[in-house]
There are 2 protein chains.
Amino acid sequence: MDTLETRELRYFVAVAEELHFGRAAERLGMAQPPLSRAIQQLERRLGVRLLMRNRRGVALTGAGEMLLHEGRAALDATTAAARRTRRAGGADRPDGSRNRLVLAVKAGASHELLHKLLDAYAAEPGAAEVEVLPSGTCEQEGMLRDGRADVALMHAPFNSLAGFDSEELMTEGQIAVLPAGHPLAAQKTLSLSDVSDIPDLPLARWSRHGTYPPGPGPEIHDQTQLAQLIALGRTVAVFPDSARAWLWAEHAAVPLTDAPPVVTHIAWPAHSRSLALAGLIRTATRL
Amino acid sequence: MDTLETRELRYFVAVAEELHFGRAAERLGMAQPPLSRAIQQLERRLGVRLLMRNRRGVALTGAGEMLLHEGRAALDATTAAARRTRRAGGADRPDGSRNRLVLAVKAGASHELLHKLLDAYAAEPGAAEVEVLPSGTCEQEGMLRDGRADVALMHAPFNSLAGFDSEELMTEGQIAVLPAGHPLAAQKTLSLSDVSDIPDLPLARWSRHGTYPPGPGPEIHDQTQLAQLIALGRTVAVFPDSARAWLWAEHAAVPLTDAPPVVTHIAWPAHSRSLALAGLIRTATRL
DNA sequence: GCTCTGTCATACCCGGTGGGTATCACCGGG
DNA sequence: CCCGGTGATACCCACCGGGTATGACAGAGC
């Protein structure tokens, strides 16, 4: 009577994101009329207007925005349930490989810490197999939410820890990474304002969920690409201290005095109850 | 193909909780055979055994336990989406009452703080209407999760803040509440061990999700009932300092030296994005 | 003012499937 | 040995989710 089906949520989220029944239907792999009807039924069952149909496209009501947000969370939770169940069951059958943990890590970050963690955990008795899942910038949250990952290394203040349990692992300062020959590379320290308006070196912009902050700098989504652009003297970037590990000869690193410290956490969905996960967390906090 | 329907989750959770197809079907208001079939389809679609059918009842596999936990979370998120959408939409229509917030509070706790909070918030410009929802012992978590409430006052270490965002509001010590005439009532302070084994006064046991911790004391789920039992000299209980507000003449309060402090938080689902909620939180932290 | 275009809604039909009833297969206990 | 209670199977029906064709309507252009 009043329990939403995930199908309805999927439909509504598609329409709410596209703000267009036709495109939403196409994305869902169905025809437009049944989609229209489904949304109408949904509105009737909820007793609430979700969409304002102005003859030119569609707009969300307040209730619609609410359902978009909450519905996304619910869909994530549902697909997480399916994924984690599959993984838990798949591990049931083969020989002895009891459990498997999927650890999401921002690609290229925390190399050293990650190495130590994996080695230390592998040495634990009864350790589960850990699959390392490289993730895009700030994508770890979504991966934990929809079950692609069980646990993640996150970097405050870039990642939001909201809604997860976490333990602090490491704090480090930040450095500016400049072309080796640049005048500022000779400085002992720099401030954020120093690097944010170097006339010939616009600050690189990282992609977040596919979009880029505004600015003059080049759009970056790959660390190697960025390293090359810096080496070529085209841009400058700000990184945690540990980024020194992968710097090239053509790079120079200068500590930033006023950049917020980067805190690496290990984070996991708050409701997790898994022995393997507990072991990994224990190992991590003991490093 | 691989997306779980909430109907399937509901069915599975019912079976997993009852460990009995017949009873689960009854609870779901349907016949047993279609339920059996639905679970089989679910297992086939997930490619995972969820239940071990021993001719006498049913047991969960590892994957089944996983789906029970994750499925409950997903179902909570889904019903939360429906409830919050209904509320957001219902508030759209009537006159000016823009938003409404539901605040879950453990019945009878934090009277004074709650009063101050509500008064202060009501005085804010553009304040939403706040509905106070009394909740049972430690029930606030569930209420936030399934959308019965938007925000809650919680008391660490009794409530778990896992999975929520929260702000600390108040810290207080704990007191032992004894019958006024009892010898120990004359003491200036007591320790936990003092009150946990008073020969003639067993410690009262509060219900948590309908179950009681083991022990000799009476089972309590109502504060008035407990107050009466203490006044009658039948039991002793431990409370936060602020409980002094409702003590009777027949009660005596003695500070506990080694009881963990009780920290009152205001907590809300981590993904909430509501102006009204933000205002309430801001008001609360400024108290 | 007309059409034309792009939008969402309506009308109608069909097949899949969720649900019901009746029954079977199995096992443990008297 | 049979009986009670379990979950599984067989079969049927009705509902509804989805498709196609079409309508209603508003805005843009001439």
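The values are calculated or read from the model by the stated rules, or taken from the named source; none is laboratory data. In this text the structure is predicted, and so the values were computed from the model without any measurement. Using ideal geometry, Cβ is built from the backbone for each residue, glycine included, and neighbour counts are taken over all protein chains shown. The protein model used for the area step is the full one, side chains on, heavy atoms only, and it has no ligands, DNA or RNA in it. Shrake-Rupley method; radii C 1.70, N 1.55, O 1.52, S 1.80 Å.
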task: Assign unit charges at the C-beta atoms only (+1 for Lys and Arg, -1 for Asp and Glu), then state the dipole size of the protein assembly as shown relative to its Cα centre in Debye, rounded to the nearest 20.
output: 2180
query: Using the alpha carbon gyration tensor of segment B:1-134, what are the three equivalent-ellipsoid semi-axes (square root of 5 times each eigenvalue), largest first, in whole Å?
result: 42, 18, 13
- prompt: Hey, what's the per residue convex hull volume over the C-alpha atoms of segment B:95-221, in cubic angstrom?
  reply: 156
message: Principal axis extents for segment A:213-287, Cα atoms only, whole Å, descending order, please.
response: 49, 27, 25
query: How much of the DSSP beta bridge set in chain A is antiparallel, as a percent to the nearest 5?
result: 65
statement: Among segment B:262-287, those whose backbone N falls under 13 Å of a label point 7 Å along Cα→Cβ from B:ALA123 are B:283-284, B:286-287
- prompt: How large is the dipole of segment B:174-255 about the Cα centre if only Lys and Arg carry +1 and Asp and Glu carry -1, each at its Cβ, rounded to the nearest 20 debye?
  reply: 100
message: Quick check: the angle from helix A:6-18's long axis to the longest principal axis of chain A, C-alpha only, nearest 10 degrees?
response: 60
message: Just want the answer: with Cβ charges of +1 for Lys and Arg and -1 for Asp and Glu, which residue in A:ALA123, A:MET66, B:VAL236 is farthest toward the dipole's positive end in the protein assembly as shown?
response: A:MET66
message: Taking A:MET30 in one copy and the same position in all the others, each labelled 7 Å out along Cα→Cβ, what are the pairwise distances from the first, in nm, shortest first?
response: 1.9
- request: Determine the sum of side-chain charges near B:ALA243: Lys and Arg each +1, Asp and Glu each -1, restricted to other residues whose C-beta is under 13 angstrom from that of B:ALA243.
  value: -1
- prompt: Once you charge only the Cβ atoms, +1 for Lys and Arg and -1 for Asp and Glu, what is the size of the charge dipole of segment B:1-40 about its Cα centre, to the nearest 20 debye?
  reply: 140
task: Kindly give the distances from B:PRO216 to its copy-mates, label point to label point, with each label point 7 Å from Cα along Cα→Cβ, as nm values to one decimal ordered shortest first.
output: 8.1
field: the protein assembly as shown: antiparallel DSSP beta bridges as a percent of all, rounded to 5
entry: 65
query: Can you give the net charge of the other residues whose Cβ lies under 11 Å from the Cβ of A:GLY215, counting K and R as +1 and D and E as -1?
result: -1
task: With both partners inside segment B:146-273, how many of the DSSP beta bridges are antiparallel, as a percent to the nearest 5?
output: 85
- request: For the protein assembly as shown, take the alpha-carbon Rg, divide it by the Kirkwood Rh, and send me Rg/Rh.
  value: 1.01
field: Inter-copy label distances at B:TRP246 (7 Å, Cα→Cβ; nm, one decimal)
entry: 5.7
Closest Cβ on chain A to the rotation axis that carries it onto B (distance rounded to whole Å): A:ALA77, 2
field: Label-point separation in nm, A:GLU65 to A:ARG273, each point 7 Å along Cα→Cβ
entry: 3.7
task: Would you mind giving the total buried accessible surface between chains B and A, with a 1.4 Å probe and ligands, DNA and RNA left out, rounded to the nearest 100 Å²?
output: 3300
message: How large is the Rg to Rh ratio of chain A when both quantities use alpha carbon positions and Rh follows Kirkwood?
response: 1.05
query: Tell me, in nm to one decimal, what length is gained between A:GLN32 and A:GLU167 on full extension, where the rule is 0.36 nm per residue of separation less the Cα-Cα distance?
result: 43.9 nm
message: I'd like the distance between the alpha-carbon centres of segment A:127-174 and segment B:13-89, rounded to an integer number of Å.
response: 30
- line: With all protein chains present, the protein assembly as shown has a carbon and sulfur share of its accessible area (1.4 Å probe) in percent of 52
message: Run lengths n ≥ 4 of DSSP H only: what is the helix-derived mean residue ellipticity at 222 nm for the protein assembly as shown, with -39500 (n - 2.57) per run over all residues, to the nearest 500?
response: -12000 deg cm²/dmol
task: Starting from one equal scatterer on each C-alpha and no solvent at all, send me the Debye-based log10 I(q)/I(0) for segment A:174-255 at q = 0.11 Å⁻¹, two decimals.
output: -0.25
- line: Note: A:LYS188 to A:ASP200 extended length (0.36 nm per residue) minus current alpha-carbon separation gives 2.3 nm
